[in-house]
Every structure is written in structure tokens, then in C-alpha cells.
Amino acid sequence: MEIPVFTLDAFTNLPFKGNPAAVCPLVHELNDDLYQKIAAEMNLSETAFITTINPADTFTTGSRFRLRWFTPTTEVNLCGHATLASAAVLFQHKKNVNPTLVFETRSGELAVTRKKDGFSMDFPLNPPTQEDPDDFKDIIKVAVGNLPVQGVFLSTNVKKLMIRLSDGCDRSVLTGLKVDAAALLNVETNGRVKSIIVTMKGSPDCQPGYDFYSRNFAPWVGIAEDPVTGSAHTVLGSYWSKELGKKKMLAYQCSSRGGELELEVRDDGRINIIGEVVTVLQGTIRI
């Protein structure tokens, strides 16, 4: 069996930046065990598998596809950068003729529209609620040490814990943060949290004017640090939109790779996440 595979860097216009995802467009579904083995072999934060829904469709003509995402250790319910990468494969490599593609996923229907520069994803918002820091004091200590924390929030929909650093912190504090993934696993074992977002207010007066910064750590799903996380911005976008009184924002996830996301929070409980994609590899998996 031969399976086509692409590796793309999402939320960037430069190779080796942003968040890499593997994408496999498949003529037929595979079994879950094989999906997981391929994802483990690719060893990226996510590997995406695209299949047609209508037997008459091709990757060039179809407008609706099934999409699943796997980390090296498990299937996940929502992944932004691998959705962006999947759309790029269909639009750029399969020459899909439609202006918008719809993916059927574990998080419902997700639409991706071709833009002049990049692609716009129509995602659900996942608003967080404020929590008592004492309820998460051990995990906060491991994540940010003694740094001043301005608030702690949890989005139960996606099990993401968001820690906002004090406005008095410099961005270098966030970029220099070293988080022990094994220690996170040891202090949080009850399933409340599947990833940790650490965020801080941005510098909109500086060029290019980021409204907020973040980093994301998800060892519970096999990802010590996710370089640029679309799903995290369904939480961040909701929170910062209210804090800043803005519908349109520019965000930067300041991992070592780094990536930029344009956000448009809508009144219908959804968010447009816009980013660019670069293809870095095309090949074949032989089984």
C-alpha cells in the first residue's frame, strides 16, 4: 500500500517556522490502529487524514471531506494547524476548484476558505471561565514558577487551562519559560486539563502590533509544547476579545518556532482563524 504524505508548516510564510503537520489524503479509510502508527511514525504534533465523503468526489472536485487528527499518542477532537495544512494540500496540491471546503470532524463541521494570503478557518469559540488559582496551584507552580499571575481560566469544552501572566511581565519572560512536561503529568492526573495555555497582553503599539502572546503545553496528549495552536486560540480569542474590546486581533505564539494568527471573533459564537502555510515535504508512505 502507498499513502501520499505532505509535511507543511502552518501559521507562517517561512519554512521551519510555525507548526508542522503531516497530511495524508486517502482514497479509502484506514483502521484506527494504522492511523495511530502513521502518526507515531511522523512524530509531529498532529498528523491529519483526509477522506472523501461522496464516492463521486475527487480531491479536486469535492467540497466536503472527512478529517481526523492524531498526535503521536492519541486522536484529538480539534486541531487548528493541521486543518489549515489539510486545506492547503487540497487547494495547492490537489488544485481543488471550490472557494470553500467543509471538513466533517469530531468538533462538527469546520469550513476553510481560500484568502488572498493564506486561509480562513471557521471554528467554534470555547470561552473560558475564571477559576480559583488555589484549585490549580500545583499545576500553576510547575507551569510558571513564581511569575506573577493575573488570572486563571478553564475552558471545560476543550480542557484547556489558561494562565494569564501579569501585565508587568515582559514578553521575554514568556519566551524564556521552561516547562517540565513530566512534572505537569505528575501534578495533574484527574483529567480536568489536557493542555496549558500561558498568555500575556501584547504590544499593539509596536510593529506588527500583536494584541496578545501565548505558549501552549500539552503533554497529556503526547505534545510537550505545541509550537502554534489553532485550537488554543478558540479559547484565547474569546477571552482577549472581551478583555480588549476588539473583534479583530493579531496574535503571536512565541514558541521557539513562532507563528502568527489573525483572529476575527464573530457574534454567532464562532471565530475565524486566519493563517498562511508553507509546504516543506512531499512523499509516499509505503506499508
> In this structure, is Ser203 within 23 Å of Ala85 (Cβ to Cβ) and of a type in the set (Gly, Ala, Ser)?
Replying inline: no
> Can you find even one residue in region 203-212 that is at pLDDT 95 or above and over 20 Å from the mean Cα position of the chain (by Cα)?
Replying inline: no
> Could we say that Glu225 is of a type in the set (Asp, Glu), assigned to a strand (DSSP E or B) and under 15 Å from the mean Cα position of the chain (by Cα) here?
Replying inline: yes
>> Condition first: more than 11 Å from Lys160 (Cβ to Cβ) and among the aromatic types (Phe, Trp, Tyr). Now tell me which residues in region 227-242 satisfy that.
In response: Trp240
> List pairs: first in region 213-237 and over 14 Å from Ser155 (Cα atoms) and of a type in the set (A, V, I, L, M), second part of a helix (DSSP H, G or I) and at pLDDT 95 or above, Cβ under 8 Å, 6+ apart or cross-chain?
Replying inline: Ala224/Ala181; Val228/His81
> With (1) without any contact (Cβ under 8 Å) to a residue 60 or more places away in the chain; (2) surrounded by 16 or more Cβ atoms within 10 Å (Cβ to Cβ); (3) outside any helix (DSSP H, G or I) as the list, and Leu78 as the residue in question, which single condition is left unmet?
Replying inline: (1)
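Just for region 251-269: of the residues that are among the charged types (D, E, K, R) and in contact with an Asp or Glu (Cβ under 9 Å, 6 or more places away or on another chain), which one is surrounded by the fewest Cβ atoms within 10 Å (Cβ to Cβ)?
Result: Arg266.
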> Can you tell which of Lys194, Lys242, Lys246 is of a type in the set (Lys, Arg) and in contact with a Lys or Arg (Cβ under 7 Å, 6 or more places away or on another chain)?
Replying inline: Lys194
> For region 47-64, does any single residue satisfy the condition of being crowded, with 16+ Cβ neighbours inside 10 Å, over 16 Å from Thr284 (Cα atoms), under 20 Å from the mean Cα position of the chain (by Cα) and of a type outside the set (Gly, Ala, Ser)?
Replying inline: no
>> Would you confirm, using the coordinates I've provided, whether Thr156 is closer than 30 Å to Asn96 by Cα, among the hydroxyl-bearing types (Ser, Thr, Tyr) and under 20 Å from the mean Cα position of the chain (by Cα)?
In response: no
> Which is β-branched (Val, Ile, Thr) and surrounded by 23 or more Cβ atoms within 10 Å (Cβ to Cβ), of Val27, Val112, Val97?
Replying inline: Val112
>> I'm checking my understanding of the structure. Among residues of region 149-196 that are surrounded by fewer than 17 Cβ atoms within 10 Å (Cβ to Cβ) and among the basic types (Lys, Arg), which one is farthest from Pro133 (Cα to Cα)?
In response: Lys178
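The values are calculated or read from the model by the stated rules, or taken from the named source; none is laboratory data. Here the structure is a predicted model, which is why all the values come from computation and not from measurement. Glycine gets a Cβ as well: all are built from the backbone with ideal geometry, and neighbour counts include every protein chain shown.
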